[in-house]
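A.B. asks: Input: one structure, supplied below.
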Amino acid sequence: MIVMENRSLNGLPEPRSLYVHFPFCAHRCHYCDFSVSRVSDPPVAEWLAAVEADLRQWFKAARWRPRVGLETVFVGGGTPSLMGGRGMEGLAALLARWFEWEVPGVEWTAESNPNSLTREVCERWLASGVNRLSVGVQSFDDGALSWLGRLHNAEQAREALGQARAAGFENLNLDLIFGLPREVERNWRADLRSAIRLGTEHISAYGLTAEGGTALGRRVELGRVRMTDDDSYAEEYLSAVDLLAEAGYSHYEVSNFARPGRESRHNWHYWDGSPYLGVGPSAHSLLGGWRFWNVSRWDAYRRAASGGDPLRQGRERLEAGQERLERLWLALRTRQGLALDDRAWAERAASGDWIPREWLESGWLVQTGHRVTMTANGWLRLEGLVTTLAARLEEDCLRPDTVGGRASR
């Protein structure tokens, strides 16, 4: 394991957002490739001590002022609802020693799973300061949930969302997964209608992927599972776009839909390049043009924290070309799109050959004045379109007479 020393961090901007990773799950789902440890009884006190050591290292190395102001907090995992009410109370007390925020101005999101989200957990989380709850429902079909390796059933998902409402949560997100293999025989449109009827303020719809090293990935490699075809994947994605729009949701990012005013402010900070700090195993940070990442595995993270060793495993400086290309990628995945305020972009767009005419004629992208946005059909091709635009921009930047410098890989 390569561990990076905490040095040369003085002068980094203070974060506007904080991500806290809770790395424990009662069970690893078949498609999961996150940094999680499977435990029946999470060592919450030990985790809190390690997170505080993480923050202590950051504040000392960056020389930030005491009680940095935050706009958003996000507690993800893993399964944060396994920490219970007492764990979140402990985290809130810990964070109050290092940060400050205005109530109710801050958006504080915490993830949860239906099988560990109780009325008591909801009430104590609300009292601790959590005001936005994200519930990993994934489907309202019991057969699909079993195939995915989830521990809850559809009725438990509805019950958990009801308990959250009864406890007083007024801002709920639920996650859904589409693009399951046909063998699962799941009715995706029925799932969407179930989510709409529940009236949650935000819905995240993610396409299933078979990552290497996961149980699903191994089954695909062995030929035991055949992933859905591109046409079926596109059909399900576009049906979500249509049904959720009819229900009043705004499709504000490739995978996210929200009632007016209920977009995830924390995620917007990722997409607009705001400085954010990540603590906990595998957490990433972006501060002042530097990207940092933590030691990934919980056992290694715990040992480093208890021994006073550096918790940052690596970092990289984003050069001008990298920052431009990353901004291109992040901007085009949102409804705000790309503002052509970078001189290299503006000159490339003005030349008339940066965006292929057939893309515009196919309705994948829209250029209005000095802004380029993608449509839902474009988002289905996001990776390919952005890769092509980036390559065209890089070709332009590599010419010695082009303003903007060399685009770094």
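A.B. asks: Calculate the length of the line joining the C-alpha centroid of segment 7-28 to that of segment 283-302, in whole Å.
C.D. replies: That distance is 7 Å.
A.B. asks: Got a number for the accessible area of C122? Probe 1.4 Å, square angstrom, nearest 10.
C.D. replies: Around 0 Å² of this residue is reachable by solvent.
A.B. asks: For Cα pairs less than 8 Å apart in space and 6+ apart in sequence, what is the mean separation divided by the residue count of the chain, i.e. the relative contact order in percent?
C.D. replies: Rounded, it is 17 percent for the chain.
A.B. asks: Which percent, nearest 5, of DSSP beta bridges in the chain are antiparallel?
C.D. replies: 40
A.B. asks: Give me the accessible area of I196, 1.4 Å probe, in Å² rounded to the nearest 10.
C.D. replies: Rounded to the nearest 10, the figure is 40 Å².
A.B. asks: Given the Cα atoms of segment 13-105, and with Rh set as the inverse mean 1/r over their pairs in the Kirkwood sense, what is Rg to Rh to two decimals?
C.D. replies: Radius of gyration over Kirkwood radius for segment 13-105 works out to 1.00.
A.B. asks: Now a separate question. With all protein chains present and a 1.4 Å probe, how do W359, W329 order by accessible area, largest first?
C.D. replies: If we order W359, W329 from most to least accessible, we get W329, W359.
A.B. asks: Please give the length that would be gained between R67 and H284 if that part of the chain were fully extended, namely 0.36 nm times their separation in residues minus their C-alpha to C-alpha distance (nm, one decimal).
C.D. replies: Result: 76.1 nm gained on full extension.
A.B. asks: Go through segment 245-262 residue by residue and turn each phi into a ³J(HN,Hα) via Karplus (6.51, -1.76, 1.60, θ = phi - 60°); whole Hz please, and just put x for glycine and proline.
C.D. replies: 5, 4, 8, x, 8, 8, 8, 9, 8, 3, 10, 10, 10, 9, 5, x, x, 10
A.B. asks: Provide the solvent-accessible area of E159, counting protein heavy atoms only and rolling a 1.4 Å probe, rounded to the nearest 10 Å².
C.D. replies: Rounded to the nearest 10, that gives 90 Å².
A.B. asks: Once amide H atoms are placed 1.01 Å from N in the peptide plane, what residues at a sequence separation of 5 or more from S35, or on another chain, have their amide H within under 5 Å of its amide H?
C.D. replies: none
A.B. asks: May I ask you to give the solvent-accessible area per residue for the chain, in square angstrom, as obtained with a 1.4 angstrom probe?
C.D. replies: 45
A.B. asks: So which trypsin sites (Lys or Arg not before Pro) in segment 216-309 pass both tests, a DSSP loop state and at most 10 other Cβ atoms within 10 Å of the Cβ?
C.D. replies: Answer in residue order: R224.
A.B. asks: Note down the relative contact order for segment 176-304 as a percent, whole number, built from C-alpha pairs under 8 angstrom at least six residues apart.
C.D. replies: With pairs under 8 Å counted, the relative contact order is 20 percent.
A.B. asks: Once every DSSP H run of n ≥ 4 in the chain is given -39500 (n - 2.57) and the sum is divided by its residues, what mean residue ellipticity at 222 nm do you get, rounded to the nearest 500 deg cm²/dmol?
C.D. replies: Calculated from helices alone, the mean residue ellipticity at 222 nm is -12000 deg cm²/dmol.
A.B. asks: Answer rounded, prolate or oblate for segment 144-216, using the Cα gyration tensor with square roots of eigenvalues a ≥ b ≥ c: rounded when a/c is under 1.5, else prolate when a/b is larger than b/c, else oblate.
C.D. replies: Taking the square roots of the gyration eigenvalues as a ≥ b ≥ c, segment 144-216 is prolate.
A.B. asks: With equal scatterers on the alpha carbons only and no solvent term, can you work out the Debye log10 of I(q)/I(0) for segment 61-152 at 0.12, 0.25, 0.26 1/Å?
C.D. replies: Values, matching the q order: -0.44, -1.26, -1.32.
A.B. asks: What number, in percent, do you get for the relative contact order of segment 25-169 if the mean sequence gap of Cα pairs under 8 Å and at least 6 apart is divided by its residue count?
C.D. replies: The value is 24 percent.
A.B. asks: For segment 81-89, take each phi angle, set θ = phi - 60°, evaluate the Karplus expression 6.51 cos²θ - 1.76 cosθ + 1.60, and give the result in whole Hz per residue in order, putting x for glycine and proline.
C.D. replies: 5, 5, 6, x, x, 5, x, 5, 4
A.B. asks: Cα centroids of segment 138-197 and segment 203-219: how far apart, whole angstrom?
C.D. replies: 17
A.B. asks: When the Cα atoms of segment 129-184 are enclosed in a convex hull and the volume is divided per residue, what value in Å³ results?
C.D. replies: Hull volume normalised by residue count: 76 Å³.
A.B. asks: Per q in 0.07, 0.08, 0.09, 0.15 Å⁻¹, report the Debye log10 I(q)/I(0) for the chain, using one uniform scatterer on each alpha carbon and no solvent.
C.D. replies: The calculated log intensity ratios at q = 0.07, 0.08, 0.09, 0.15 Å⁻¹ are -0.35, -0.47, -0.60, -1.56.
A.B. asks: Please give, to one decimal in nm, the separation of the simple spin-label points placed at S362 and D299, each 7 Å out from Cα toward the Cβ.
C.D. replies: The answer from the label model is 4.8 nm.
A.B. asks: OK, next. Treating the Cα atoms of segment 185-318 as identical point scatterers in vacuum, please give the log10 of the normalised Debye intensity I(q)/I(0) at q = 0.14 Å⁻¹, two decimals.
C.D. replies: Cα-only, vacuum Debye calculation for segment 185-318: -0.94.
The values are calculated or read from the model by the stated rules, or taken from the named source; none is laboratory data. Keep in mind that this is a model prediction, so the values were computed, not measured. Here Cβ is always computed from backbone atoms with ideal geometry, including for glycine, and neighbour counts include all displayed protein chains. SASA here: full protein model, heavy atoms, side chains in, ligands and nucleic acids out. Shrake-Rupley method; radii C 1.70, N 1.55, O 1.52, S 1.80 Å.
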